[in-house]
1. Could you pull out the residue among Lys137, Lys100 that is open to solvent by 70 Å² or more (accessible area, probe 1.4 Å), modelled with pLDDT under 85 and charged (D, E, K, R)?
2. Within segment 87-97, work out how many residues are open to solvent by 20 Å² or more (accessible area, probe 1.4 Å) and part of a helix (DSSP H, G or I).
3. Ile145: over 15 Å from Phe67 (Cα atoms), among the β-branched types (Val, Ile, Thr) and either at pLDDT below 75 or touching a Cys at 6+ places or on another chain (Cβ under 7 Å) (or both), yes or no?
4. Out of segment 159-197, which residues are modelled with pLDDT under 70 and not in a helix (DSSP H, G or I)?
5. Please enumerate the residues belonging to segment 1-52 that are more than 20 Å from Ile183 (Cβ to Cβ), open to solvent by 10 Å² or more (accessible area, probe 1.4 Å), at pLDDT 70 or above and assigned to a loop (DSSP other than H, G, I, E, B).
6. Among the residues of segment 62-84, which ones are free of Cβ contacts under 8 Å to residues at least 40 places away in the same chain and open to solvent by less than 30 Å² (accessible area, probe 1.4 Å)?
Amino acid sequence: KTENRSKEYENGSFIILVVGPVKSGKSTLVNLIAHAYVSPTHFLECTVRPSIISQRREGDDCRITVFTSEESAHHTEQTDAIIDSIRGIGTEAELAGITKTDYELTPDNIRDKVELRLNENLAAETLVTSITTPGGKLMKQGVFIIDMPGFDGEHANIDNPVYDAIAQRADLIIFVQSSNSAISKVSWQFLRMLSENNKDVPVCLIHNVFDSSWWRSEEARMSAVRKQKEI
């Protein structure tokens, strides 16, 4: 593990963690950065497990890889091993006990393999999903975007050790917040957890959906501002 950490600085890879409340616009931002449809967008909660998005290696096809494991006691170590493998600094031997299943990158497979529909149960053995894309100006080789579930949603699981392990690997955290709501207590709890586990990582706030506040009357907007100042 120590050897793999030292390799992180040698290979120049960079992990960006995208977090925020449900329906704050995280998935839309991730799709923009990835220059591809990799994160489901819907009026219901869509992102229910971490997805690691990166540019495909030369000669490879774009694909979705689902990593599963039934060894719940080792999920933290296995998540570390998966991240190392995706970054190209791990070995296949370190993925012992983990099953990899590849699918073609298509909108249908994004819906079927990444999005959780209302009549389905979240598979506990699924750790993370890896998605490779052609990339673009904002996503080049060595840049890895991790799209996280909304931490105030049904499947947030902010106490999940897998999420803790992922937070410790981040080089930059993008916090997406909608102008429709104030930062909640759950959001504050998550930010404190990030600060305690990875004190040196910078956090960038992206305030989203600015124009939606103008759907409200002047009185309603000023009332919301006063309440947020009080909090």
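1. Lys137
2. 3
3. No: the conditions fail for Ile145.
4. Passing the criteria: Asp159, Asn160, Asn180, Ser181, Ala182.
5. Gly12, Ser13, His35, Ala36, Tyr37, Thr41, Arg49
6. If the condition is that a residue be free of Cβ contacts under 8 Å to residues at least 40 places away in the same chain and open to solvent by less than 30 Å² (accessible area, probe 1.4 Å), then Ala81 is the only one that fits.
The values are calculated or read from the model by the stated rules, or taken from the named source; none is laboratory data. Here the structure is a predicted model, which means the values were calculated and not measured. Quick reminder, even Gly has a Cβ in these numbers, built from the backbone with ideal geometry, and neighbours come from all protein chains shown. Ligands, DNA and RNA are stripped out before the accessible areas are found, and what is left, the full protein with its side chains, is counted by its heavy atoms. Shrake-Rupley method; radii C 1.70, N 1.55, O 1.52, S 1.80 Å.
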